[in-house]
Structure formats: structure tokens, C-alpha cells
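Below is one structure, written out as C-alpha cells; comments come after it.
Laboratory data are not the source of any read-out in this text; all were calculated from the coordinates shown. From a predicted model like this one, the values you see are computed outputs, not experimental measurements. Note that we place each Cβ from the backbone using ideal geometry, even for glycine, and neighbour counts take in every protein chain shown.
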Amino acid sequence: MNWDGLICFLGTADLQKTHEFYSETLGLKLHKDQGACRIYEIRPGAYVGFCVHHPVKSGPGTLITLLAADVDEVFSSFTRAGVDIETQPALNHEFGIYHFYAHDPNGYRLEVQRFV
């Protein structure tokens with residue numbers, strides 16, 4: 001099978017606040033506004049979407065991981081923007097990654113990482 005891409009859909013109670021975070025804070029391009037859903041392009045073929053008709057389930061099992069070459073720069077950018085940061089950047093020897101955790105306005109846990 002040859003897949004054309006991936007969209008991960010999550011719920012939101014506040015589409016505008018979510019839009020501001022993902023488009024302005026994270027700098028993601030709004031790929032499609034469907035009214036009740038907005039889809040953001042991470043890179044060609046990779047998308048995350050938020051819909052008001054889906055429930056927000058931001059428990060410990062939900063994790064959005066974004067890959068970045070410069071984790072420290074993203075951390076600094078998040079800090080300047082007042083993003084809810086959970087941990088400082090750190091090396092995780094078990095998984096061979098350098099990463100940190102934060103939260104989006106919906107309470108979803110975000111991980112920013114690079115492979116080492």
C-alpha cells in the first residue's frame with residue numbers, strides 16, 4: 001500500500017484559541033478550514049486537525065510529538081510565547097532522543113524532540 005499522508009484529528013472546545021496556538025505560536029500553515037474543523041500542515045503529507053464536534057481527551061495517552069532539529073530554539077520560543085512547559089530539554093538515553101514536554105491550550109501533551 002502507498003499512503004498519501006496522515007491527518008491526526010483531535011477535539012477542541014475553542015477552535016480560535018487552538019488556531020492561534022498552532023498557526024501563530026507553532027507557525028503551522030492552516031491547510032484547510034472546514035468550519036467545525038481546522039487542519040494544519042506540519043509538512044507535506046503530515047497534518048494535525050482539530051474539530052469542535054470531537055471530545056477533548058487530553059489524558060496521559062494523548063501525545064503530539066513534533067520533530068525539530070533545534071529543540072533548544074523551540075524551547076526558547078515556547079518560553080517567550082508563554083507556552084505551558086512541563087519539562088526542560090533533556091537527553092533520553094533509553095530512546096536516543098533529546099526532548100521536552102509542553103501543553104497546548106486544549107491540555108494535549110506536546111513533545112518536541114530530535115533523534116540523537
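Numerical summary
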| quantity | calculated |
| --- | --- |
| For the stretch 91-96, 3J(HN,Hα) per residue [Karplus equation, 6.51 cos²θ - 1.76 cosθ + 1.60, θ = phi - 60°, Hz, x = Gly/Pro] | 7, 10, 5, 4, 9, x |
| Charge tally in the Cβ shell below 12 Å around Lys32, where Lys, Arg are +1 and Asp, Glu are -1, Lys32 excluded | 0 |
| Under-5 Å amide H pairs with Cys8, H placed in peptide plane, nonlocal only | Tyr47, Val48, Gly49 |
| The chain: calculated mean residue ellipticity at 222 nm from DSSP helix runs of at least 4, using -39500 (n - 2.57) | -3500 deg cm²/dmol |
| In degrees, nearest ten, helix 71-81 long axis to first principal axis of the chain (Cα) | 60 degrees |
| Net charge, His103 excluded, C-beta distance under 11 Å - Lys, Arg +1, Asp, Glu -1 | -3 |
| In sequence order, calculated HN-Hα J values of the stretch 100-113 (Karplus, 6.51, -1.76, 1.60; Hz; x Gly/Pro) | 8, 10, 8, 9, 8, x, 8, x, 5, 7, 10, 10, 10, 8 |
| Across the chain: Cys residues that no other cysteine approaches within a C-beta distance under 4.7 Å | Cys8 |
| Karplus 3J(HN,Hα) series, Hz, for the stretch 23-30 with 6.51 cos²θ - 1.76 cosθ + 1.60 (x for Gly, Pro) | 8, 8, 6, 8, x, 7, 7, 6 |
| Once the Cα gyration tensor of the chain is diagonalised, semi-axes √(5λ) in Å | 23, 17, 14 |
| Distant-in-sequence amide H partners of Leu66 (H built 1.01 Å from N, under 5 Å) | Glu111, Val112, Gln113 |
